[in-house]
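Participant: Before anything else, here's the structure in question.
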Amino acid sequence: MSFEQEFAKKLLSARTAITELKYFSDPVLHEPCADTTVADGVAIGEKLQDVLKRYRAATGVGRGLAAPQIGISRRVFVTYVGDEFRTFINPRITNSFDAKNRYRELCMSAEGVWGDIERSAVIELTWTDEHSAKHTELFETFMARLIQHEYDHLEGIACIDKAIPGTIEP
């Protein structure tokens, strides 16, 4: 079995097992999200972490998940990097720098479709954490890309919407 066939099988298994996930055709993925309270953000973050853990167990992939991907139109996403979850409540990209990079991205909501996307190599993000602390931080390279991907979900933008023409593949 080829890598693509094996991965497609895992995605189908995840889709049946993880019913909370919304897919590209769902309108919730194409609408900007509203801000939320910290208390609700914490609860949403916990649910996102649970879904992401189950998705990773089923597929072996997944570094982030945003609230609209589980049908909740609120400004919350989580990341999972270095065996650690981080919750971002009401995030805002406050600065995007000129340097760009291009990378092939896959999204849980795109059902196995991926494409090349150009993004800022460095961004500045402000957000509130689960302890009500406000943060402003610069993110570079992989983390900048991951955060921009999840942030786009909060803006109602799917990665496939940003894919460079001619690079989308099933």
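The values are calculated or read from the model by the stated rules, or taken from the named source; none is laboratory data. Note that the coordinates shown come from a computational prediction; the quantities given were computed from them, not determined experimentally. In this analysis, Cβ positions are derived from the backbone assuming ideal geometry, glycine residues included, and neighbour counts consider all displayed protein chains. Ligands, DNA and RNA are excluded from the accessible area calculation, which covers all protein heavy atoms including side chains. Shrake-Rupley method; radii C 1.70, N 1.55, O 1.52, S 1.80 Å.
Participant: So for the chain, taking the charge dipole from beta-carbon charges (+1 Lys/Arg, -1 Asp/Glu), which of LEU125, PHE85, PRO32 sits furthest toward the positive end?
Facilitator: PHE85
Participant: In percent, how large is the relative contact order of the chain, given Cα pairs closer than 8 Å and 6 or more residues apart?
Facilitator: Across the chain, relative contact order equals 24 percent.
Participant: Normalised by the empirical 2.2 N^0.38 Å for globular proteins, what value does the Cα Rg of the chain take?
Facilitator: Here the Cα radius of gyration is 0.99 times the empirical estimate.
Participant: Right, next: Can you divide the C-alpha Rg of the stretch 45-104 by 2.2 N^0.38 Å and report the result to two decimal places?
Facilitator: Dividing the Cα radius of gyration by 2.2 N^0.38 Å gives 1.26.
Participant: Same structure again: Hey, what's the Kirkwood Rh for the stretch 102-170 if you take every pair of different alpha carbons, in angstrom?
Facilitator: 13.0 Å
Participant: Using θ = phi - 60° and the Karplus relation 6.51 cos²θ - 1.76 cosθ + 1.60, list the HN-Hα couplings for the stretch 45-60 in order, rounded to whole Hz, with x at every Gly or Pro.
Facilitator: With coefficients 6.51, -1.76 and 1.60, one gets x, 5, 5, 4, 4, 4, 5, 5, 4, 5, 5, 5, 5, 7, 10, x Hz.
Participant: Okay, moving on. From the C-alpha gyration tensor of the stretch 4-56, pull out the three semi-axes of the equivalent ellipsoid (sqrt of 5λ each), sorted largest to smallest, in whole Å.
Facilitator: Ellipsoid half-lengths, sorted descending, are 26, 15, 7 Å.
Participant: Quick check: at a probe of 1.4 Å, how many percent of the accessible area of the chain sits on carbon and sulfur atoms?
Facilitator: 52 percent
Participant: Once you have the Cα-Cα distance between LYS162 and GLU31, take 0.36 nm times their residue separation minus that, and quote the gain in nm to one decimal.
Facilitator: 45.6 nm
Participant: To continue, here is another question. Compute the length gained on full extension between SER132 and VAL61: take 0.36 nm times their separation in residues and subtract their Cα-Cα distance, giving the result in nm to one decimal. Don't jump to the answer; show the numbers that get you there.
Facilitator: On the way: separation 71, 0.36 × 71 = 25.56 nm, distance 2.96 nm.
Here the answer is 22.6 nm.
Participant: Rolling a 1.4 Å sphere over the protein heavy atoms, what is the accessible area per residue of the stretch 1-123, to the nearest Å²? Let's see the in-between values first.
Facilitator: Values: 6170 Å² over 123 residues.
Result: 50 Å² per residue.
Participant: Return the Cα extents of the stretch 25-79 along principal axes one, two and three, sorted largest first, each rounded to a whole Å.
Facilitator: 31, 28, 13
Participant: What are the lysines whose alpha-carbon lies under 21 Å from the alpha-carbon of LYS100, with same-chain residues fewer than 8 places away excluded?
Facilitator: LYS162
Participant: Starting from the exponent 0.38 and prefactor 2.2 Å, build the expected Rg for the stretch 1-98 from its residue count and divide its actual Cα Rg by it.
Facilitator: 1.17
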